[in-house]
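Beneath this line is the structure, given in structure tokens, with notes to follow.
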Amino acid sequence: MIIDNKIRLREKRLDDALNDYTWKTDHELARLDAVPQLTMTFSQYLSNYASELRYSSSTRHPFAVEVLDGKHIGNCVYYGVDKTKGEAELGVMIGNRDYWDKGYGADAVTTLVSYIFGQTNLNRIYLKTLDWNIRAQKCFQKCGFIPYGHMVRDGFDFVLMEIHRKQWEEHKIKI
Ligand SMILES: CC(C)(COP(=O)(O)OP(=O)(O)OC[C@H]1O[C@@H](n2cnc3c(N)ncnc32)[C@H](O)[C@@H]1OP(=O)(O)O)[C@@H](O)C(=O)NCCC(=O)NCCS
């Protein structure tokens, strides 16, 4: 368990499944994340979910984001871990809209970045977000991520952002 001011990150559990299903079947959240909205039934989703929880991967590390009273408000993950290149991609989603624009996303990202640079030898964390998702870009900028390019995938325009270990050390001193 990893704790910051507003949130803590913990391992995913089976009782996260209903929130995760609700968020993955939400049209707006799917659009913000440039992914298809999930259409399977909850019972199908639950059976896949249970087997994914049992499977541990060395390249993908998901966490639940909880507020300090234990309410599950979203998820974050680092994945595509490449030990040779020393890098991984980061993803975050605050699914509960009551917690948008209040710093919870930035807290979750800061906590995860701090964990990655503190507990692994990775030197670079990168991410992509839709070019019109200003909230997400502002959130990542607050955490020290810097835009470094653009890409188009499946017809979506993404802004690419990154943070290197050295930049993180400097960012930590400022916050
Ligand atoms: C993207 C997300 C993780 C950000 O988390 P959050 O807790 O809402 O963001 P934060 O409060 O930490 O930061 C958002 C900042 O953007 C600002 N903002 C929001 N909408 C804005 C807009 N339209 N224009 C300018 N600034 C905006 C907020 O005021 C805040 O800045 P401030 O702290 O200086 O006031 C979260 O909103 C989320 O998961 N949204 C839904 C899914 C999504 O967008 N997924 C894509 C992730 S790549």
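What to note about this one:
- Exposure proxy order (Cβ contacts within 10 Å, fewest to most) of Trp132, Trp100, Trp23, Trp168: Trp132, Trp100, Trp23, Trp168
- Extending 7 Å from the Cα toward the beta-carbon at both Gln167 and Ala50 defines two label points whose distance is 4.3 nm.
- Amide hydrogen neighbours beyond the local backbone of Thr25, cut-off 5 Å, H modeled: Leu38
- Angle in degrees between helix 104-119 and the longest Cα principal axis of the chain, rounded to the nearest 10: 70 degrees
- Hydrodynamic radius by Kirkwood, which averages 1/r over all alpha carbon pairs of the chain, in angstrom: 16.8 Å
- Pairs from the list Lys24/Lys83; Lys102/Lys138; Lys12/Lys71; Lys71/Lys172 with a Cα-Cα gap above 21 Å: Lys24/Lys83; Lys71/Lys172.
- Separation of alpha-carbon centers, region 123-175 and region 19-97, rounded to whole Å: 19 Å
- Listing Phe42, Phe140, Phe158 from fewest to most neighbouring C-beta atoms within 10 Å gives Phe42, Phe158, Phe140.
- Among Cys143, Cys76, sorting on how many other beta-carbon atoms sit within 10 Å of each Cβ, with the fewest leading, yields Cys76, Cys143.
- Derived scalar couplings ³J(HN,Hα) [region 21-26; Karplus, 6.51 cos²θ - 1.76 cosθ + 1.60; whole Hz; x for Gly, Pro]: 5, 4, 6, 6, 9, 8
- The alpha carbon convex hull volume per residue for region 82-174 rounds to 108 Å³.
Since every read-out is calculated from the coordinates, none of them should be taken as a lab result. These numbers come from a predicted model, not from an experiment. Note that each Cβ is placed from the backbone with ideal geometry, even for glycine, and that neighbours are counted across all protein chains shown.
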